[in-house]
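So the structure is just underneath, and the comments pick up after that.
Laboratory data are not the source of any read-out in this text; all were calculated from the coordinates shown. Predicted model, so just to flag it, every value in this text is computed and none were measured. Note: ideal-geometry Cβ built from the backbone for every residue, glycine included; neighbour counts use all protein chains shown.
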Amino acid sequence: MFTIPTEAIGSIPRSNTLMAAQHRFDAGQLNAAQMEPFFDEAVRDTIAALEATGSTIISDGEQRKAHSFATYSVDNHANFSPDGIVIPFQDGHIRQLPRLTAGPFRFARYAYESLALAKPYAHLPMKQAIISVSAMSLFYPPQGIADYPRDAFIDDLLNEQEKEIRGCFAAGAEKVQIDFTEGRLSIKLDPTGGILSSFIDLNNMVLSRFAPEERQRIGVHTCPGADHDSTHSADVDYAELLPSLFELKAGSFYIAMACEKDRVRVLKIIARYIKPNQRAFIGVIDVNSNYIETPEEVCQRILEAAKYIPLAQLGTCDDCGYSPFCDDVSTTRETAFAKIRARVQGTAMAASILNESAHA
């Protein structure tokens, strides 16, 4: 008998109480110590709700990532300015990264700190999502920084992420997931693939610092973006990304798929390029839609994927986090948990059918 592993990607929508407290903090009406009870309550409630879905591995829903999945490590950092690279979304709204103004580069906070605070509330194994070094490389301004060359920044960046990943494992993470949403976007920015190649190289510089058994516990997530039910790169052909994606020295790949128009074509590409020691977690839940998939619909998507992906290398996931940016209220917490339940139940249903077929 085999099972199909299934995992959430990361963020769960914050409660109204937590968002109101965050607004007061940003306005200077609360200090960091006064925020702690709000974070604790949100983490405790999120973990309890995730465990109730039947999940076998959970997270804290990124409740302590105050503003976004991409900038948590440098929020309120003295060496940053808010006027960095702009990322446009297809509905017309934008997100803007912060810009590094001086070296040396150091994290203001690490994901393993949040993990350590969440662990006491959890009864199941936990995973921790972190932002990629390739995304953080965009913090460095194109015009450079006097007395702090880009090469010195990259060295510091690689050291900081190695420290973060090792810290997550030391804090008890079963898995560490690197968010690589900029992978598909890079093709849009540079159709020649040059930026993508540099991103792959950067991430492999970090991954190469870990032993093979450690890398089996590290995954990479790719999607076309998910913010206010919009994307930044869904119009980019997956065929331009996936061959390079599997060159990353990671054990798991979480691939947004439910929102794809031609899933079979993408599944065939995955089957062609996935390596024997890698597992593809196929997205079976569209987080940019408030429609709640049924377990039966999820099951059918998995059975479709199983026609192309070897069962020993197949997993399932949501396409993305449900609220990567904290102010995104396009999806409610109730809808997110309902979708997760459908994924868990549908995955179990598909595994049961595939087991029966294998022994028929």
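If you take the alpha carbon atoms of the range 134-252 and fit the smallest convex hull around them, that volume is 126 Å³ per residue.
The simple spin-label model puts a point 7 Å past each Cα toward its Cβ; for residue 155 and residue 201 those points are separated by 1.8 nm. Computed over the alpha-carbon pairs of the chain, the distance histogram in 10 Å steps reads 5, 25, 36, 25, 7, 1, 0 percent, short to long. Here the range 91-127 is scanned for amide nitrogen atoms under 20 Å from the site 7 Å beyond the Cα of residue 75 along Cα-to-Cβ, giving 94-101, 106-121, 127. With θ taken as phi - 60° and the Karplus curve 6.51 cos²θ - 1.76 cosθ + 1.60 applied, the whole-hertz 3J(HN,Hα) list for the range 246-251 is 6, 7, 5, 8, 10, x Hz, x standing for glycine and proline. Amide H to amide H distances under 5 Å link residue 316 with 6, 7, 282, where only residues 5 or more positions off or on other chains count and H is placed in the peptide plane. With a simple spin-label model that places each label point 7 Å from the Cα along the Cα-to-Cβ direction, the separation between residue 228 and residue 96 comes to 1.4 nm.
Within the shell of other residues whose beta carbon sits under 10 angstrom from the beta carbon of residue 289, the net charge comes to -3, with Lys and Arg scored +1 and Asp and Glu -1. Applying D = kT/(6 pi eta Rh) to the range 1-129, where Rh is the Kirkwood radius over alpha-carbon pairs, T corresponds to 37 °C and eta to 0.692 mPa s, the Stokes-Einstein value obtained is 200 µm²/s. Can you spot the lysines whose alpha carbon is less than 19 Å from residue 65's alpha carbon? Ignore those fewer than 8 places along the same chain. Within reach: 119, 127, 163, 175. For a straight C-alpha distance cut-off of 25 angstrom, the lysines reachable from residue 188 (same-chain residues fewer than eight places away being disregarded) are 249, 261, 268. In this label model, residue 41 and residue 214 are separated by 3.9 nm, measuring between points 7 Å along each Cα→Cβ vector. Shown for the chain: cysteine residues without a partner Cβ closer than 4.7 Å, namely 168, 259, 299, 317, 326.
Remark on residue 221: its backbone amide H falls under 5 Å from those of 178, 179, 180, 254, a criterion applied only to residues 5 or more positions apart or on other chains, H modelled at 1.01 Å from N.
Over the chain, DSSP H runs of length four or greater, each weighted -39,500 (n - 2.57), average out per residue to a 222 nm ellipticity of -12500 deg cm²/dmol.
Could you tally the net charge around residue 228, taking each other residue with its Cβ under 11 Å from the Cβ of residue 228, Lys/Arg +1 and Asp/Glu -1?
Working: positive: 95; negative: 91, 227, 229, 327, 328.
So the environment of residue 228 carries a net charge of -4.
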